[in-house]
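**Q** Below is a structure I'd like to ask you about.
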Amino acid sequence: PTLPNSQTFPVSPGQYAVTESDVAGWNLTGLSCDDAASGNPSDTDIGTRTATINVEPGESVTCTFTNTKQASLTIVKNTVGGDGTFDFTATTLPGGDFSLTTTGGSASKAYPNLAPGTYLVLEQVPTGWDLTSLVCTGDLDGGTSVSGNEATIDLDPGENITCTFVNTKRGEILVDKVTDPSGDPQAFTFTGAVSGSITDTDAPLSSGLLAPGTY
């Protein structure tokens, strides 16, 4: 019987070649013929997308081409408090490791034609920044997960997933001492987020880099 997704050809005994054309957005992931146990079995080559079919007298051969739809992944980098350059480790993605530089608090990198599978993306959080959010959306079966600064992305056929890394820039508190009259040598001591002793003529005390908050 002819299946809805098949084509039947009455042919004389002999050898025939059938090649599937490449279709954008799809990968040929399987190619087989059902006469493997016969005396003159057909041959398949998934690399050339070709089935070389040997038809014996009275024989019916079915060759099955299986295609898997490609998936896509987009990595989004959003920043709060400024712009910066952020490095990512991604040995499982085409091209490997990459960097994103934000403009106006945002940047992104798209991978539009990926074979289904598992991909790892890890951000190398730079000094002066905190990774404050990592969320992946578009996953249909819940196989994608995030842990710390790493996303483990489970791409299914035809799936489109976006992972958004949000970084918040750290701030700094400076404490300066001014005396009246100016230039007095008296030292003044501070404790808390900023600690130390300074005079009117010393450079301001610095808290160092701090996560946003109340101090």
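The values are calculated or read from the model by the stated rules, or taken from the named source; none is laboratory data. Treat the numbers as computed from the prediction; the structure is a model and nothing was measured. Every residue, glycine as well, gets a Cβ built from its backbone with ideal geometry; the counts of neighbours run over all protein chains shown. Surface accessibility is based on the protein's heavy atoms, side chains included, excluding ligands, DNA and RNA. Shrake-Rupley method; radii C 1.70, N 1.55, O 1.52, S 1.80 Å.
**Q** Could you look at segment 1-55 and say what percent of its accessible area is carbon and sulfur, using a 1.4 Å probe and all protein chains? Intermediate values should be presented prior to the final figure.
**A** On the way: 2090 of 3830 Å².
Result for segment 1-55: 55 percent of the exposed heavy-atom area is carbon or sulfur.
**Q** If r is the Cβ-Cβ distance from residue 43 to residue 120 and R0 is 30 Å, what FRET efficiency results, to the nearest 0.05?
**A** 0.20
**Q** Can you work out ³J(HN,Hα) from phi for every residue in segment 35-51, in order, using Karplus 6.51 cos²θ - 1.76 cosθ + 1.60 and θ = phi - 60°, giving whole Hz and x for Gly and Pro?
**A** Ordered by residue, 3J(HN,Hα) equals 10, 4, 8, 6, x, 10, x, 6, 10, 10, 9, 5, x, 9, 6, 10, 10 Hz.
**Q** Return the carbon/sulfur percentage of the accessible area of segment 113-212, one whole number, probe 1.4 Å, all protein chains in place. It would help to have the intermediate numbers written out before the result.
**A** Working: 2700 of 5380 Å².
Answer for segment 113-212 is 50 percent, counting heavy atoms of protein chains only.
**Q** On full extension of the chain, what length is gained from residue 132 through residue 182, given 0.36 nm per residue of separation minus the C-alpha to C-alpha distance? All intermediate terms of the calculation are to be shown ahead of the outcome.
**A** Details: separation 50, 0.36 × 50 = 18.00 nm, distance 4.32 nm.
Once the chain is fully extended between residue 132 and residue 182, it gains 13.7 nm.
**Q** Find out how many positive minus negative residues lie around residue 175, taking Lys and Arg as positive, Asp and Glu as negative, among other residues whose Cβ is under 13 Å from that of residue 175. Could the numbers behind the result be given before it?
**A** Details: positive: 177; negative: 172, 176, 200, 202.
Neighbour charge sum, excluding residue 175 itself: -3.
**Q** Considering Cα pairs under 8 angstrom that are at least six residues apart, work out the relative contact order of the chain and quote it in whole percent.
**A** Working: 450 pairs, mean separation 33.9, N = 215.
Worked out over the chain, it gives 16 percent.
**Q** Residues with beta-carbon under 9 Å from that of residue 13, excluding residue 13: net charge, scoring Lys, Arg +1 and Asp, Glu -1? Display every interim value, and only then the final one.
**A** Details: positive: none; negative: 56, 59.
Net of charged neighbours comes to -2.
**Q** How many angstrom lie between the C-alpha centres of segment 1-58 and segment 70-104?
**A** 43 Å
**Q** Can you give me the C-alpha center-to-center distance between segment 155-215 and segment 113-136, rounded to a whole angstrom?
**A** A separation of 27 Å, based on Cα centres.
**Q** Would you mind getting the accessible area per residue of the chain, heavy atoms of the protein chains only, 1.4 Å probe, in Å²?
**A** Numbers: 12380 Å² over 215 residues.
That works out to 58 Å² for each residue.
**Q** Nearest-5 percent of antiparallel DSSP beta bridges in the chain?
**A** Working: 55 of 64 bridges.
Roughly 85 percent of the DSSP beta bridges within the chain come out antiparallel.
**Q** Could you work out the relative contact order of segment 121-160, using alpha carbon pairs under 8 angstrom and six or more residues apart, expressed as a whole percent? Let's see the in-between values first.
**A** Working: 39 pairs, mean separation 16.8, N = 40.
Once divided by the residue count of segment 121-160, the mean separation gives 42 percent.
**Q** Report the local net charge at residue 190: Lys and Arg +1, Asp and Glu -1, summed over other residues whose C-beta lies under 12 Å from its C-beta.
**A** -1
**Q** Assigning unit charges at the beta carbon (Lys, Arg +1; Asp, Glu -1) and nothing else, what dipole magnitude in debye, to the nearest 20, does segment 53-201 show about its Cα centre? Please list the in-between numbers first.
**A** Values: 6 positive and 18 negative charges, 41 e Å.
That gives segment 53-201 a dipole magnitude of about 200 debye.
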